[in-house]
1. Kirkwood hydrodynamic radius (Cα pairs, Å) of segment 84-323?
2. Calculate the FRET efficiency for residue 83 and residue 429 from the Cβ-Cβ distance with a Förster distance of 35 Å, rounded to the nearest 0.05.
3. Where q = 0.11, 0.16, 0.22 Å⁻¹, what log10 of I(q)/I(0) comes from the Debye formula for segment 138-246, counting one point per Cα?
4. Restricting to segment 84-323, what percent of DSSP beta bridges are antiparallel, rounded to 5?
5. Take every DSSP beta bridge whose two residues both sit in the chain, then give the antiparallel share in percent to the nearest 5.
6. When the chain is treated as a GNM, springs tying every alpha-carbon pair under 10 Å, which of 362, 312, 424 comes out with the largest mean-square fluctuation?
7. Per Stokes-Einstein, at 20 °C and 1.002 mPa s, what whole-number D in µm² s⁻¹ belongs to segment 225-282, with the Kirkwood radius over Cα pairs as the hydrodynamic radius?
8. Given only helices, namely DSSP H runs of n ≥ 4 each adding -39500 (n - 2.57), what is the per-residue ellipticity at 222 nm of the chain, to the nearest 500 deg cm²/dmol?
């Protein structure tokens, strides 16, 4: 890929639709074209790592600054006199997230961390199972913390994971098929199915509606980890009959490092007792009575555990303002256009880079897995050139063109830097690292 003196790319594949001028034309037609000014990305970078950590937005910064000022001027009265009152942050954020999830506000709350929420909800639904030795179906490629938590909850109940944890295998270690999941449901007859909506490494999107329907027809509870889809892929949790879901707030929701996670519990299950009860999940009307017996809050809020971290909540609450004036269908359309463009560039200009993410829109999340045998060293070279990506062993470079702050022109430059690195063997100057360092 070459850029001439007038700033127009002359694609060596001879495709006029993959030049830099065309990228700029595509950007002019994007629904989210004006939103990028609300974000601050690291200077002199192409930030395509928002599937790991979203950048700072004006809304997030304003949210933190507002709470700092409330802390300064109100002190402890900020719990009731803040805007919003700090004591209500979890539920208020839940109300803002509900439209992104296809849920009702009372079914959603911002609370805890993702792993804690997995422990809390998997434990709650294990306790609700009729079987003496309930079984849980997961997939081989899910993020490790999900399985750690499931195993922990089984062991806490005196159950042997060797007997009670069922795993859907992936033959190619890249994707897992809906047919494979359904076959595993038929064979294993699980009591609980817990899967990711988008696989963290390959970017494959699973069919939430299809799998949920199939598993529920088989008599299982169904939960989803939405960490790599909430905020970038529209969801319809109520419509699709999902029982529960969890997610983090720092990826596509841009809430800041380590910010509050979230959880969803369908209203059918509001009567379930929390497996991990805590005082913040007590009914707000009786919370400060400080009684020794837990009085669960109504709705999903009963699964809150400890006191809401107010500064973290303020960041997430503010960050969600970018969704106030956009439609999720437009976010999704722009995301697909950008990932399509990246895939087209790779197909046109690279012989030794493989796209590990499904090509079909219905099977793709918000990031693209670029596979290369020397992905670790290539990712290091990209970062030194200002292209912020991450590496997942053994051979994946994850590239996330988030439409809130990444453009087609940015994607073109990311591909150009990658092409130059591989063409000049610049990555060979780097030393491969041990483990999955980003």
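We did not get these values from a lab; they are worked out from the coordinates using the rules stated. Since the structure is predicted, the reported quantities are computational estimates derived from the model, not experimental observations. With ideal geometry, Cβ positions are generated from the backbone for all residues, glycine too; neighbour counts draw on all protein chains shown.
1. For segment 84-323, inverting the mean 1/r across all distinct Cα pairs yields 17.9 Å.
2. Values: r = 53 Å, r/R0 = 1.50.
Computed FRET efficiency for residue 83 and residue 429: 0.10.
3. Each listed q corresponds, in turn, to -0.32, -0.69, -1.35.
4. 40 percent
5. If I count the DSSP bridges inside the chain, around 60 percent turn out antiparallel.
6. 424
7. Working: Rh = 12.9 Å.
For the chosen part, D equals 166 µm²/s.
8. Working: 14 runs with 159 residues, N = 438.
After summing the helix terms and dividing by the residues of the chain, the value is -11000 deg cm²/dmol.
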